[in-house]
Amino acid sequence: MDADVAVIGAGSTGSMALWQLARRGVPVIGFEQFGPGHDRGAAGGETRIFRTAYLEGAEYVPLLQEAYILWRELEQETGRRLLTLTGGLMIGDPQAQFMKNVLESIETFGLDHEILDEKAARSRYPQHRLLAGEVMVLDKMAGFLRPEYAVLTAAQRAEELGAVIHRHTRVQAIEPAVEHVRIRAEGKDYIVGKVVISAGPWTGKLLPGWEQWLRVQRLVMTWFATSNPQAFAPQNFPIFIRQTNNYDFSGFPTIEGCTLKVALNTGYGKVKDPDELDLRVPPEDLSKIKGAVHRFLPDLIPEPLRVNAYMDAYTSDGHSVVDKAPGLPNTVLLCGFSGHGFKMAPVMGQIAADLILDGKTSFSISHLSANRLTPV
Ligand SMILES: Cc1cc2nc3c(=O)[nH]c(=O)nc-3n(C[C@H](O)[C@H](O)[C@H](O)COP(=O)(O)OP(=O)(O)OC[C@H]3O[C@@H](n4cnc5c(N)ncnc54)[C@H](O)[C@@H]3O)c2cc1C
């Protein structure tokens, strides 16, 4: 036996599963087709939003609160800074469904927040040009993560605790037997007791038939220069999500002091093959985000200085799958994080460890079951 558990894919969630399993003293090996912390999958692009007042549903709040604790623990164990709290602004019409969902999370769990009416919002955050009637909800437990660095950090910490990670090693097949699972990678066979699959956008390539449940979506990130860097420094400019007048976009403070990432939350088309992600972004594809920046962020220069394409796997309802893998004994599957999984990666790693070792978890994850899926 090569290990008690193997983790296939040491990206966002897989690196955290490796860390959590190694922390519990479990002999674990990981397989990563690139190097941990690479930017070719779902974890590239410098920053990720962390937030707690969750527009995707109040059922996520306990998961996010636990994720926050685990981010801080990973920082403590490694001495690295991964999460910066800036607060998070949800901006829009107070009657919009996403604002109602945010308020429901706040009310249900008593989350620390402020509601800024139009006048207060205009005076406190003049960086944003508001439409009449728009308000801001400030989520106090929100900020940004450093995704590539965080993945690398979790993978390295797992190794310090005894995990073995096979880098640049792509798994070709997973073959369950009665007492063990055989993994075929780069012409070599490995025998392990159990498997966590966390292959992100490649899940459909690794698991035949899964393309029907997961759509790989291309997302383009854009960085704009500002004429007023101080106004967009992390202490002055919370991360934000804004759904307004046909625009759904989000942004971050400046990290290096001259540009900030402002990007559409909506996809830029389906990726047929994650090995062939198209990194080219024609100018016409940028007109919408340029329009949003021009209209709503007057201190930014509305021509992006930096443009990059990434991808994530989406389910039809926008909720991930965190469950025992259907038809694959002794296997747990983490996938389909649908554009919002990074912030909760550590708790997903913890739940994967619970499920693979104990067959159950104390977290409420029925909304993430595999049997609810409908074709994409
Ligand atoms: C541009 C963009 C912006 C986003 N913004 C946010 C945000 O602000 N906040 C937020 O919370 N979430 C955000 N998300 C979503 C979040 O980043 C993803 O949901 C999350 O990273 C998915 O993690 P994963 O582990 O499923 O995939 P990944 O991180 O891609 O990990 C999968 C790993 O598996 C490896 N792999 C795949 N197949 C194999 C194989 N056969 N053998 C070996 N290795 C393999 C891959 O190389 C990869 O490293 C964003 C996503 C994108 C793309």
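Taken together, the values in this text are just the output of simple stated rules run on the coordinates, not laboratory data. Values in this document were obtained by computation on a predicted structure and should not be read as measured data. Note that we place each Cβ from the backbone using ideal geometry, even for glycine, and neighbour counts take in every protein chain shown.
Key figures for this structure:
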read-out: Of residues in segment 81-115 being touching a helix residue (DSSP H, G or I) at 6+ places or on another chain (Cβ under 6 Å) and more than 21 Å from residue 237 (Cα to Cα), the one surrounded by the most Cβ atoms within 10 Å (Cβ to Cβ); value: 105
read-out: Qualifying residues in segment 345-376 (those that are closer than 20 Å to residue 30 by Cα and in contact with a Leu (Cβ under 7 Å, 6 or more places away or on another chain)) - the one nearest to the ligand (Cβ to nearest atom); value: 348
read-out: Complete set of residues in segment 1-43 that are among the polar types (S, T, N, Q) and near the ligand (Cβ under 10 Å from one of its atoms); value: 12, 13, 15, 33
read-out: Filter pass, residue 321 being more than 8 Å from the ligand (Cβ to nearest atom) and touching a helix residue (DSSP H, G or I) at 6+ places or on another chain (Cβ under 8 Å); value: yes
read-out: Number of positions in segment 244-264 that are in a loop (DSSP other than H, G, I, E, B) and touching a residue at least 60 places away in the same chain (Cβ under 8 Å); value: 4
read-out: Out of 107, 114, sole residue that is of a type in the set (Asp, Glu) and part of a helix (DSSP H, G or I); value: 107
read-out: Lone qualifier among 46, 75 - being without any contact (Cβ under 8 Å) to a residue 24 or more places away in the chain and either among the acidic types (Asp, Glu) or within 9 Å of the ligand (Cβ to nearest atom) (or both); value: 75
read-out: Residues of segment 53-80 that turn out to be of a type in the set (Gly, Ala, Ser), buried (at least 20 other Cβ atoms within 10 Å of the Cβ) and assigned to a loop (DSSP other than H, G, I, E, B), as a count; value: 1
